[in-house]
Amino acid sequence: MKNLFKRSRLTLLAAAMLAASGALYAEVPEVCAVCHHDNGISTDAHVPIVAGNAVFFTENQLFMFAEGTRSCAEDYFASHDDVAAKDHCAVAAELSEEQITAIAEAFEGMEHVAFEQDCDVDLAATGEGIHKASCEKCHSDAGSVKDDEAGILAGQPKAYIIAQLKHYRADERPPAEMQKPAHGLSDDDITALAEFYAREGKSRF
Ligand code: HEC
Ligand code: HEC
């Protein structure tokens with residue numbers, strides 16, 4: 001009982017903080033904008049670009065964080081003195097289902113912009129070959145199509161892509177349909193794929 005009470009109070013607090021950030025939601029809510037900025041375009045290589053992703057995809061990520069089935073980015077949160085939450089799972093667990101849907105709709109309405117970064121053209125060419133053979137069937141048009149509901153890959157920060165592929169390879173992030181293609185990747189393959197999505201981000205967004 002005590003725990004339930006605590007949880008509902010926290011949820012109300014989160015609701016008040018989110019409501020204070022304006023209409024549901026023309027911009028990224030304030031509690032999230034510390035890292036995702038008002039427009040969902042990150043300037044930190046560890047933080048993905050959330051703008052432009054499909055509703056279903058974003059909802060899924062927030063549910064997985066809330067349930068703790070996706071890794072919670074504890075180390076990243078520990079490096080942020082300006083954020084009270086201990087990790088991403090705690091942030092997502094504060095949200096109601098309605099808030100999750102509203103946030104996901106707002107993200108879909110925002111324009112995806114490529115992360116600013118360099119790109120190694122030789123490695124990108126290697127990455128293109130791997131992508132075409134193993135990834136394009138689910139991440140069409142070089143992972144640039146939101147309606148695939150698999151997350152926009154083109155234009156994501158390289159460090160983020162690398163970290164996620166290592167999570168999938170180690171079965172630390174669901175789903176199995178994504179873990180399976182990651183199992184076959186070497187560290188060099190992963191680096192090359194990240195360069196490829198960086199290159200495609202520059203030419204497409
Ligand atoms: C302290 C910084 C921080 C805050 C605050 C934060 N995030 Fe994040 N967010 C991150 C990081 C870092 C990742 C990548 C996590 C990883 O490496 O697995 C991420 C990932 C995500 C993803 C997954 C995107 C993808 O492509 O898979 C979504 C969706 C998201 N955040 C939404 C939110 C929302 C909504 C809020 C507010 C309720 C929020 N975030 C608050 C840093 C933050
Ligand atoms: C059978 C379909 C399938 C194949 C093949 C596949 N993926 Fe995925 N991938 C998915 C799905 C579905 C998701 C989204 C999962 C979710 O909702 O969390 C995803 C998510 C991802 C993400 C996380 C995006 C984000 O923003 O969080 C990355 C990175 C990724 N895939 C890269 C790849 C690469 C690289 C390959 C090839 C080696 C590949 N995928 C092959 C289906 C696939």
Looking at region 178-190, which of its residues are under 18 Å from the mean Cα position of the chain (by Cα) and of a type outside the set (A, V, I, L, M)?
-> 179
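Got at least one residue in region 130-137 being farther than 21 Å from residue 180 by Cβ and of a type outside the set (Val, Ile, Thr)?
Checking region 130-137: not a single residue is farther than 21 Å from residue 180 by Cβ and of a type outside the set (Val, Ile, Thr).
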(1) in contact with a Leu (Cβ under 6 Å, 6 or more places away or on another chain); (2) under 19 Å from residue 38 (Cβ atoms): which one isn't true of residue 106, the others all being true?
-> (1)
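Here is a yes/no grid of residues against (1) without any contact (Cβ under 8 Å) to a residue 24 or more places away in the chain; (2) within 12 Å of ligand 2 (Cβ to nearest atom); (3) within 16 Å of the chain's Cα centre (by Cα):
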{"position": "103", "(1), (2), (3)": "no, no, yes"}
{"position": "142", "(1), (2), (3)": "no, yes, no"}
{"position": "176", "(1), (2), (3)": "yes, yes, no"}
{"position": "192", "(1), (2), (3)": "no, yes, no"}
{"position": "197", "(1), (2), (3)": "no, yes, yes"}
{"position": "204", "(1), (2), (3)": "no, no, no"}
Hits in region 153-174 (condition: within 11 Å of ligand 2 (Cβ to nearest atom), among the aliphatic types (A, V, I, L, M) and part of a helix (DSSP H, G or I)) = 161, 162, 163, 165
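Rule-based calculations on the coordinates, nothing more; no lab input. Quick caveat, the model's predicted, so the values are computed rather than measured. Here the Cβ is made from the backbone with ideal geometry for all residues, glycine too, and neighbour counts use every protein chain on show.
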